[in-house]
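Chemist: Shown below is the structure under consideration.
The values are calculated or read from the model by the stated rules, or taken from the named source; none is laboratory data. Bear in mind the structure is a predicted one, so any value in this text is a computation, not a measurement. Cβ sites come from the backbone with ideal geometry, for glycine too, and all protein chains shown count toward neighbours. Quick note on the areas: whole protein, heavy atoms, side chains included, nothing else; ligands and nucleic acids left out. Shrake-Rupley method; radii C 1.70, N 1.55, O 1.52, S 1.80 Å.
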Amino acid sequence: MSTVVFGASGNVGRHVVGRLNSVAAHVRMVSRDPDAARFPMGAEVVAADLDRPETLPAALEGVDNAFLYARPAGLDGFVAAAEAAGVRHVVLLSSAAATDPDPESNPIAWTHFRCESALRDSTLTWTFLRPGMFATNLIWWWQESIRKHDVVHLPYPDARIAAVHEKDLAAMAVTALTVPGHRQAAYPVTGPEAITMREQVRYIAAAVGRNIAVVESSVEQARAELERTVPPVVATAILAGWREATEIAPPVSTTVADVTGCPAQTFEEWVRDHAADFSRG
């Protein structure tokens, strides 16, 4: 069986590639810019872009399965090219937001709902992975303020988050790609515990060996900070989710263990893997 991995140099994609290689699966890696991605010598790499449907046939030729991230602008072109190439199964990295009863009211939900719908309406078989918050988002949001100032500004420090380790998403993806029984399945994916954002900062402080202050900020200050990395409508959705998480603990799923046979990795384990991202020098 051969698998094409879109976003093969990304936070999840690179671990999907590593796990597929470990089980001796044939892997084709896809990147918009393979030279910048710095893939290993000898790897099979194709330059392709979901936004450029003319690049997709070469990426999909001769493969059985695909790992894909959600990008609605390119999904129709992907589906057409995958059906034409004879691809059998697609694992989509979707989002828990896709189950929103009114997805059009939430930009994150709408993005992922549209991608899931494109695959549901196709002749392809699929598996949807629906994570909540990625733990790696904290690198984008907190890295600079921790490295430079040993401080994190939070509008809702007691919001409880069950952040997902990217390695667990990769493990689920590879299981769905290589083990029977996961077709037409949609899996909610969370970390194994819901802890406050204040506690997340404490774990990072312990890992880097420095005191890191938590300073409560206004919602508007937080919005301005988030909008450095995400569009305004997405920042609004993130802030609404944090506000809700101060009142209602998010659900914690067991699907990582159920699907892979291994327990989900804790936030403390994620921090150990990423301590260098918050360290100085």
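Chemist: Of the residues 210, 160, 14, which exhibits the maximal mean-square fluctuation in a Gaussian network model of the chain defined by a 10 Å Cα contact cut-off?
Modeler: Fluctuation is largest for 210.
Chemist: Calculate the length of the line joining the C-alpha centroid of region 234-281 to that of region 1-37, in whole Å.
Modeler: If you average the Cα positions of each part, the centres end up 23 Å apart.
Chemist: Considering the alpha-carbon set of region 69-132 alone, what are its Rg and its Dmax in angstrom?
Modeler: Taking only Cα atoms of region 69-132, I get Rg and Dmax of 11.5, 35 Å.
Chemist: Ignoring ligands, DNA and RNA, what accessible area per residue does the chain give at 1.4 Å, in Å²?
Modeler: 47 Å²
Chemist: Just the projected area, averaged over all directions, of the convex hull on the alpha carbon atoms of region 80-230: how many nm²?
Modeler: 11.0 nm²
Chemist: Still on this structure, I have one more. Where Lys and Arg each count +1 and Asp and Glu each count -1, what net charge lies around residue 273 among other residues with Cβ under 12 Å from its Cβ?
Modeler: Working: positive: 167, 272; negative: 166, 168, 268, 269, 277.
After counting each charged neighbour, the total is -3.
Chemist: So what's the convex hull volume per residue for the Cα atoms of region 185-228, in Å³? Numbers along the way, then the final one.
Modeler: Details: hull volume 6.7 nm³, N = 44.
So the per-residue Cα hull volume is 151 Å³.
Chemist: To continue, here is another question. Please work out, to two decimal places, the log10 of the ratio I(q)/I(0) at q = 0.16, 0.23 Å⁻¹ from a Debye calculation in which every Cα of region 1-99 carries one identical scatterer.
Modeler: The computed values of log10 I(q)/I(0) come out as -0.62, -1.30.
Chemist: Students sometimes get this wrong: rank 139, 204 by accessible area, probe 1.4 Å, all chains present, largest first. Before the final figure, lay out each step's value.
Modeler: On the way: 139 30, 204 0 Å².
Accessible-area ranking of 139, 204, largest first: 139, 204.
Chemist: Hull surface divided by four, with the convex hull built on the Cα atoms of region 114-174: how many nm²?
Modeler: For region 114-174, the mean projected area of the Cα convex hull comes to 6.1 nm².
Chemist: Hey, if you drop one equal point scatterer on each alpha-carbon of the chain and run the Debye formula without solvent, what base-10 log of I(q)/I(0) do you get at q = 0.07, 0.08, 0.11 Å⁻¹?
Modeler: Debye output, listed in q order: -0.26, -0.34, -0.66.
Chemist: Between region 67-98 and region 198-232, what is the C-alpha centre distance in whole Å?
Modeler: Here the two parts' Cα centres lie 33 Å apart.
Chemist: Give the residue from 92, 274, 105 lying farthest towards the positive end of the charge dipole for the chain; charges sit on Cβ (+1 for Lys and Arg, -1 for Asp and Glu) and the dipole is referred to the Cα centre.
Modeler: 274
Chemist: Still on this model: Quote the charge dipole size of region 101-215 about the Cα centre in Debye, to the nearest 20; the model charges only the Cβ of Lys and Arg (+1) and of Asp and Glu (-1).
Modeler: It works out to roughly 260 debye.
Chemist: Here's a follow-up. When the accessible area of the chain is computed with all protein chains present and a 1.4 Å probe, what percentage of it is carbon and sulfur?
Modeler: Details: 6650 of 13110 Å².
Ligands and nucleic acids excluded, carbon and sulfur give 51 percent.
Chemist: Still on this structure: Let me spell out the model: positive unit charges on the Cβ of Lys and Arg, negative unit charges on the Cβ of Asp and Glu, origin at the Cα centre of region 165-281. What dipole size does that give, in debye rounded to 20?
Modeler: 200 debye
Chemist: Here is a further query. Using bins 5 angstrom wide from zero, how does P(r) for region 149-281 break down, in % of all Cα pairs?
Modeler: So the P(r) values, bin by bin, are 2, 10, 15, 17, 19, 17, 10, 6, 2, 1.
Chemist: If the only charges are +1 at each Lys and Arg Cβ and -1 at each Asp and Glu Cβ, what is the size of the charge dipole of the chain around the Cα centre, to the nearest 20 debye? If you can, show how the numbers build up before the last one.
Modeler: On the way: 24 positive and 33 negative charges, 117 e Å.
The calculation lands at about 560 debye.
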